[in-house]
Structure formats: structure tokens, C-alpha cells
Amino acid sequence: MSVHKAVKKVTTHQLREMKSRGEKISMLTAYDYSMARILDRAGIDVLLVGDSASNVMAGNETTLPITLDHMIYHASSVIKAVERALVIVDVPFGYYQGNSSEALRSCIRIMKEAGAHAVKMEGGREIRESVLRVLSAGVPVMGHLGLTPQSIYKFGTYTVRAKEEEEAERLIEDAQILEECGCFGIVLEKIPAHLAKKVAESVSIPIIGIGAGPGVDGQVLVTHDMLGITHDFSPRFLRQYADLNQVMTDAVGNYIKDVKANDFPNESESY
Ligand code: KIV
């Protein structure tokens with residue numbers, strides 16, 4: 001008889017409980033089946049199918065070009081690999097800002113076609129109506145404030161946001177609006193650590209930081225950056241846990257050498 005050990009899945013409800021008991025939440029990006037499988041089996045709590053796939057997977061300069069179809073393709077690959085983690089999918093630029101019906105249509109496609117567990121949208125009060133409409137359909141929504149890469153052409157730069165009092169106040173209010181709407185969590189990107197801590201203390205939903213210091217409820221990084229696969233991106237907030245770029249370059253170099261020397265395949269690798 002085979003004993004199948006049931007895996008306890010991470011839910012939005014559990015993330016809230018983790019915040020209540022002070023247990024930090026771990027989150028990383030994933031865009032494909034193989035990587036998602038490794039991350040899930042390593043015990044990650046949340047996988048984000050980020051629209052950073054536009055940069056990391058497709059080589060675009062910004063997140064703006066990625067389409068809803070692309071996101072659904074990435075998300076459905078990730079979902080197939082995951083047994084435990086909560087999978088959140090970014091709603092890409094241009095598929096929710098127009099009006100709340102469009103937002104709802106996009107999110108329903110993400111949930112139905114990819115099998116996602118939740119969605120993430122960038123912005124505060126300006127997308128309130130869309131957030132409410134999507135939530136009313138039973139789709140869990142995560143917010144994203146601070147540096148919101150879909151607005152890069154408005155900001156003009158990727159530098160730290162909300163350093164001025166007025167923007168900081170507005171950000172705190174936006175976090176409270178998103179909580180009141182019913183969002184289950186918020187990503188805070190690239191803002192001063194003291195402000196992020198203040199936000200985390202002023203709401204009861206989990207705040208996940210990227211470049212937002214240690215005073216929040218969890219951390220997210222782009223997997224390809226923290227594994228050192230991407231070498232051309234090294235902001236201060238990034239801790240690189242491996243140098244897979246070097247590991248892979250060496251491995252491929254050795255393979256090329258072996259092929260050229262007719263050293264691969266050998267007898268035991270042949271039929
Ligand atoms: O798209 C993404 O990877 C993100 C993270 C940086 C939070 O939104």
C-alpha cells in the first residue's frame with residue numbers, strides 16, 4: 001500500500017495567520033514549470049508569476065510589453081509544478097487600468113485558464129473600483145505600492161519612492177484603502193525601511209517587501225536575480241545567494257570542450 005502524504009497548501013488565510021504570529025513569509029518569482037518545482041519543493045510559501053517575466057524571460061527593458069496571454073502561459077506552467085505554495089499572478093499593464101469590467105475579465109481569465117490562486121495589481125486609490133469588482137467575484141487580490149514598474153514612464157527612474165512626506169502619507173493611506181477593499185496582502189517595492197515598517201504596523205494584512213527593509217511581514221525577490229543568473233542587475237536590496245551564471249557558464253564551457261575533443265559521449269553513454 002502506498003502512503004500518500006497530503007501536502008498542506010498555503011492559503012491567503014494562512015498568510016494572515018503568519019503575520020499575526022510574527023512568522024515571516026517567503027516569496028519568490030517563478031515563470032516556468034522546472035523552476036517552480038524546485039522552489040516549491042524547497043518550501044517557499046508564495047510564488048509570484050511576476051510580470052518581471054517581461055524582463056527576465058523575454059528580454060524586454062520594462063514590464064509594459066508583456067500580454068495577458070503571455071502571463072497565462074507562464075502561470076499555467078507554474079501551477080502544474082506546485083503542490084504547496086500559494087501562486088499569485090500579476091495582471092499585466094493595460095488589462096485592468098481601463099475600467100473595472102476589463103479588470104474583472106482579465107482576472108477571470110487568469111483564474112480560469114491558468115488555475116491561479118490569486119492576482120496582483122499595481123496601484124492604490126486609482127484602481128480601487130477594479131480591486132472591489134475583482135474581489136466581489138471571489139478572486140483574492142494582492143496590492144502593489146511604492147515603486148510600481150508598470151508606471152516607470154511616469155516616474156522616469158527606478159530610484160527609491162516615497163522619500164518625501166507627501167508621497168509617504170499617500171502611500172500609507174493607499175495601503176489602508178487596499179486593506180479596506182479586502183486585499184489579502186500588499187507588496188511594497190523600494191521605499192524607505194522606516195516607512196515600510198510603519199505601513200506593516202498600520203494594517204492587519206501581510207506586507208511583503210522588496211527593497212523595503214526588514215520591518216515588514218515577508219520578503220520577495222526575483223529568483224533569477226537572487227540565484228545570480230542575471231548578472232547585470234545589482235541593486236542594494238538584492239542579496240545574491242548563488243552564482244548560477246558562473247556555474248552554468250562553466251558547465252556549458254566543459255560540454256563544448258568535451259564535444260570538440262570527441263570526449264562526449266563515451267562508451268557508457270552510448271547504446
Ligand atoms: O513582477 C515582479 O517580479 C514583481 C516583484 C518585483 C514584486 O512584481
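Under the rule that an exposed site lies in a DSSP loop and has at most 13 other Cβ atoms within 10 Å, name the longest stretch of the chain with no trypsin sites (Lys or Arg not before Pro) of that kind, not counting the sites themselves.
22-162
Starting from the Cα of LYS198, draw a straight line to each of the lysines and keep only those under 18 Å, dropping any in the same chain fewer than 8 residues away.
The qualifying lysines are LYS19, LYS24, LYS163, LYS190.
Where the Cα atoms of the range 1-146 are projected onto their three principal axes, how long is each span, largest first, in whole Å?
54, 36, 29
With runs of 4+ DSSP H residues as the only contributors, calculate the mean residue ellipticity of the chain at 222 nm using -39,500 (n - 2.57) per run, divided by the residue total and rounded to the nearest 500.
-11500 deg cm²/dmol
If you wrap the chain's Cα atoms in a convex hull and average its projection over all directions, what's the area in nm²?
The number I arrive at for the chain is 18.3 nm².
What do you get for the angle between helix 193-202 and the principal long axis of the chain? Use alpha-carbon atoms, 0 to 90 degrees, nearest ten.
60 degrees
For SER204, what accessible area in Å² do you get when you roll a 1.4 Å probe over the heavy atoms of the protein chains, rounding to the nearest 10?
Accessible area of SER204: about 60 Å².
For the range 216-270, compute Rg over Rh where Rg is the Cα radius of gyration and Rh is the Kirkwood radius from the inverse mean 1/r over Cα pairs.
Looking at the range 216-270, the ratio lands at 1.26.
So for TYR96, TYR153, TYR158, TYR241, what's the accessible-area order with a 1.4 Å probe, most first?
TYR153, TYR241, TYR158, TYR96
Rounded to a whole number, what is D in µm²/s for the range 168-271 from Stokes-Einstein with the Kirkwood radius over alpha-carbon pairs (37 °C, 0.692 mPa s)?
Reported coefficient: 195 µm²/s.
Identify the GluC sites (Glu not before Pro) of the range 48-125 meeting these criteria: DSSP loop state and at most 12 other C-beta atoms within 10 Å of the C-beta.
Of the GluC sites (Glu not before Pro), the ones in loops of the range 48-125 whose Cβ has at most 12 other Cβ atoms within 10 Å are GLU61, GLU83.
Multiplying the sequence separation of ARG239 and GLU167 by 0.36 nm and subtracting their Cα-Cα distance, what value in nm do you get?
Roughly 23.2 nm would be gained on extension.
Please give, to one decimal in nm, the separation of the simple spin-label points placed at ILE177 and LEU132, each 7 Å out from Cα toward the Cβ.
About 1.1 nm, to one decimal.
The values are calculated or read from the model by the stated rules, or taken from the named source; none is laboratory data. All values derive from a computational prediction rather than experimental measurement. Positions of Cβ are generated from backbone atoms using ideal geometry, with glycine treated the same way; all protein chains shown enter the neighbour counts. These accessible areas exclude ligands, DNA and RNA; they are computed on the full protein's heavy atoms, side chains included. Shrake-Rupley method; radii C 1.70, N 1.55, O 1.52, S 1.80 Å.
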